[in-house]
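A short write-up of the structure that comes next.
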Amino acid sequence: MGKSITHKIIEKHLVSGEMIPGREVGLRIDQTLTQDATGTMAWLQFEAINIGKVRTDLSVSYVDHNTLQMGFRNPDDHRYLRTVAARSGAVFSPAGTGICHQLHLENFAKPGATLIGSDSHTPTAGGIGSMAMGAGGLSVALAMAGEPYFIPMPKVVKVHLTGALTGWAQGKDVILHLLGLLTVKGGVGKVFEYGGPGVASLSVPDRATITNMGAELGATTSIFPADARTREFLEKMGRGSDFTELSADADAAYDEIIEIDLGALEPLVAQPHMPDRVCRVSELAGKAIDQVAIGSCTNSSYSDLKNTAQILAGRRIPPSTDLLISPGSKQVMKLLAREGLIEPLLDAGARVLECTCGPCIGMGGSPVSAGVSVRTFNRNFEGRSGTQDGQVYLASAQTAARLALDGKFTDPATWGDAPERVELPAEVPSIRDLFVFPPAGDDAESVEILRGPNIVALEEFDALPAAIETTVALKVGDNITTDHILPAGAEITALRSNIPAISQYIFSRVDKEFVSRIKGLGGGIIVGGENYGQGSSREHAALGPRHLGVRAVIVKSLARIHRANLVNFGILPLLLVEPGDYDRLEQDASLTIPAAGIKPGNTVAIRLANGESVAVTNDLTKKELEIIQSGGLLNAVRNNQS
Ligand code: MIC
Ligand code: SF4
């Protein structure tokens with residue numbers, strides 16, 4: 001039996017474990033990326049591990065999320081990241097250079113290489129055949145220290161593509177189609193590997209849009225073969241030597257196969273407030289649109305924005321619709337400028353913003369009250385736009401630009417001819433000089449790491465007690481996202497380097513009383529439903545609760561990265577044996593968790609104050625359990641060092 005691309009890459013990077021779905025495998029990591037919102041923690045943790053220089057082939061520290069400079073906090077973080085990168089041998093990408101995933105795709109990602117990033121959309125690099133995964137900051141810190149990255153061996157799903165996109169359908173519609181089919185938890189424990197004759201028809205930016213938003217399926221990652229189009233893309237980026245061909249064997253074995261006829265797709269849109277609430281654009285015809293935002297790591301490439309400019313050229317958006325455009329990188333911006341494509345955007349009434357995440361993480365660009373916002377982003381979780389009752393729809397750049405002109409949803413049948421599919425020009429300007437490369441050898445030793453007052457030293461957590469006498473401090477439902485646990489937005493995200501301060505916002509948009517309640521209780525646990533912790537990789541959604549005294553969550557199922565973050569910070573991720581028992585665990589209930597009796601995969605009884613008990617299990621490995629017992633991964637690493 002032949003091998004999939006996923007199996008080939010994993011096999012080449014395997015340091016421990018067996019490649020049997022569900023079993024833990026340890027992988028050697030070639031590259032890492034961090035961004036500023038999660039990166040300060042990751043770099044503080046890297047410093048705490050105390051090994052000096054990064055031991056990966058390449059580590060890049062990007063500043064793209066927290067770029068607003070309202071007060072000292074974010075600028076101080078950027079300065080810390082710049083100096084710690086120089087000291088530690090990492091490349092630094094200053095604010096405004098671009099969005100980490102777009103920049104990494106253009107400048108550093110390599111087919112066949114492993115990459116982990118402290119951001120859930122790291123799989124964007126799968127568009128050129130990198131095995132790229134989102135991870136918690138601490139896992140990235142350990143990978144930078146040369147340690148393997150541990151994941152449950154994923155199942156491999158082949159997405160067999162036939163035909164070619166036609167008309168207004170785009171790469172975005174491929175992934176929206178899959179989300180509609182499989183839901184936001186349909187990809188958990190799986191890699192989506194694209195193949196079939198349709199692959200050749202998709203450009204690299206289209207592929208990257210698809211792998212980027214595979215994160216919304218809950219997938220471990222998504223990956224495309226590296227073929228002639230990948231080679232051409234890398235050559236145009238000035239790095240043809242990074243190309244290696246990558247394809248699955250003709251008789252490769254897969255755990256599942258999904259077929260998509262690209263020619264049958266039409267423009268789709270995800271409705272509020274989940275990326276899987278997908279319908280055809282035509283079904284919404286007539287609904288007024290208050291805002292359109294084009295950009296984010298999903299759809300901010302040169303081809304997306306060139307098409308946007310072509311659609312808008314010579315026309316004007318209605319005054320009742322705001323149009324915001326954030327190019328993905330300065331390379332994209334330079335190409336647009338060179339080809340005279342900025343002017344049509346400005347003349348149409350668009351606001352051209354910096355090359356950053358911007359409105360995607362609520363850094364400005366919030367819609368009006370109850371406003372309908374069509375965004376080319378990947379997430380439309382409630383409140384994420386910064387307007388709690390904002391109604392966010394997700395679509396391709398081409399759909400969004402067309403709808404901006406109409407000021408309302410319209411039927412694509414009325415849109416006329418779609419713009420031509422864009423290829424990169426023969427000469428692409430390099431922005432390589434804008435990255436700050438670390439000084440060589442001993443010169444790095446003299447770099448002083450500069451910290452500001454908002455950068456608070458890491459907290460030491462205590463070991464797990466033998467029995468946890470506790471209270472259900474909060475009960476929540478299914479599909480709770482890390483945006484529910486720790487909201488995004490300018491004010492809160494500026495506190496990412498300050499755990500005591502940011503912890504005051506834990507669950508603040510779900511239950512305003514949560515923080516004061518759990519403080520009054522002196523700690524507690526969270527009860528949740530299916531897919532708890534989906535979305536962002538932010539480890540603050542585990543660190544904050546831990547700071548407030550959360551020692552366990554009891555849920556029906558968990559999202560992959562959040563589960564790993566809980567383990568890393570010493571919180572027990574317990575699973576209900578009988579999903580129906582969810583109804584028996586009420587908020588405020590007192591209970592006892594026999595922590596010392598928990599063994600990998602066993603079932604223990606949680607005793608409730610009323611004498612009843614509830615059975616819980618876990619899917620922890622022996623190593624993960626030891627990490628939790630010692631109070632978290634940093635403690636475990638320190639224990640091993642001493
Ligand atoms: C996001 O899209 O939610 C973020 C902001 O990029 C996060 C990381 C973070 O919270 O800093 C992610 O996707 O991991
Ligand atoms: Fe940035 Fe948004 Fe992409 Fe997250 S999803 S990395 S916030 S652009």
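Bear in mind that the values in this text are calculations on the coordinates, not laboratory data. Please read all numbers here as calculations on a predicted model, not as lab measurements. Every residue, glycine among them, receives a Cβ derived from its backbone with ideal geometry; neighbour counts consider all protein chains shown.
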**OP:** Run the quick spin-label model on Ser320 and Glu423: label points 7 Å from Cα toward the beta carbon, then report their separation in nm to one decimal.
**Re:** 4.3 nm
**OP:** Please give every one of the lysines within straight-line cross-link reach of Lys334, meaning a C-alpha to C-alpha distance under 19 Å, and leave out same-chain neighbours fewer than 8 residues apart.
**Re:** Lys236, Lys306
Original post:
Which semi-axes, in whole Å and largest first, does the equivalent ellipsoid of the chain have when worked out from the alpha carbon gyration tensor as the square roots of 5 times its eigenvalues?
Top reply: 37, 27, 25
Original post:
Fully extended, how many nm does the chain gain between Thr414 and Phe72 (0.36 nm per residue separation, minus their Cα-Cα distance)?
Top reply: 118.1 nm
Original post:
Which FRET efficiency value, to the nearest 0.05, do you get for Gln504 and Arg79 by plugging their Cβ-Cβ distance into 1/(1 + (r/R0)^6) with R0 = 41 Å?
Top reply: 0.95
Original post:
Summing Lys, Arg as +1 and Asp, Glu as -1, what charge do residues with Cβ under 14 Å from the Cβ of Ser282 carry, Ser282 excluded?
Top reply: -1
Subject >> Pair Lys519, Thr617: separation of 7 Å Cα→Cβ label points (nm) >> reply: 4.0 nm
Original post:
Of the listed peptides 312-322, 625-635, 212-222, 43-53, what is their order by residue-averaged count of other C-beta atoms within 10 Å, with the highest listed first?
Top reply: 212-222, 625-635, 43-53, 312-322
**OP:** Report the calculated FRET efficiency for Asp442 and Met19 (r = Cβ-Cβ distance, R0 = 35 Å), to the nearest 0.05.
**Re:** 0.25
**OP:** Kindly provide the pair-distance distribution of region 558-642 built from C-alpha pairs, with 5 Å bins from 0 and whole-percent values in order of increasing distance.
**Re:** 3, 14, 22, 22, 18, 12, 5, 2, 1
**OP:** Quick one: of Lys155/Lys556; Lys519/Lys556; Lys8/Lys556; Lys158/Lys475, which pairs are farther than 28 Å apart, Cα to Cα?
**Re:** Lys8/Lys556; Lys158/Lys475
**OP:** Return the FRET efficiency for the residue pair Ile257, Arg280: r is the Cβ-Cβ distance, R0 is 25 Å, and the value is rounded to the nearest 0.05.
**Re:** 0.50
Subject >> Sorted peptide list for 375-384, 132-141, 523-532, 413-422, criterion being average Cβ within 10 angstrom, highest first >> reply: 132-141, 375-384, 523-532, 413-422
Original post:
Which aspartates and glutamates, on any chain, are close to Lys408 with Cα under 16 Å apart, when same-chain ones fewer than 8 places away are left out?
Top reply: Glu283, Asp290, Asp322
Original post:
Using 16 Å as the cut-off for backbone N distance, which residues of region 514-551 belong to the label zone defined by a point 7 Å from the Cα of Glu578 along Cα→Cβ?
Top reply: none
Original post:
Fewest first, what order do Ile518, Ile499, Ile485, Ile175 take by the number of other Cβ atoms within 10 Å?
Top reply: Ile499, Ile518, Ile485, Ile175
Original post:
What nm distance separates the two modelled labels at Lys287 and Glu459, each placed 7 Å from Cα along Cα→Cβ?
Top reply: 4.0 nm
Subject >> the chain: calculated mean residue ellipticity at 222 nm from DSSP helix runs of at least 4, using -39500 (n - 2.57) >> reply: -7500 deg cm²/dmol
Original post:
Given the C-alpha centroids of region 404-435 and region 498-532, what is the distance between them in whole angstrom?
Top reply: 42 Å
Subject >> Charge tally in the Cβ shell below 9 Å around Ser303, where Lys, Arg are +1 and Asp, Glu are -1, Ser303 excluded >> reply: -1
Original post:
What net charge do the residues around Pro225 carry, taking every other residue with its C-beta under 13 Å from that of Pro225, with Lys and Arg at +1 and Asp and Glu at -1?
Top reply: +2
Subject >> Eligible lysines near Lys622 by straight Cα distance, threshold 20 Å, same-chain separation 8 or greater >> reply: Lys599
Original post:
Kyte-Doolittle mean at least 0.0 and Cα extent at least 18 Å along the axis: which DSSP H helices of the chain qualify?
Top reply: 36-49
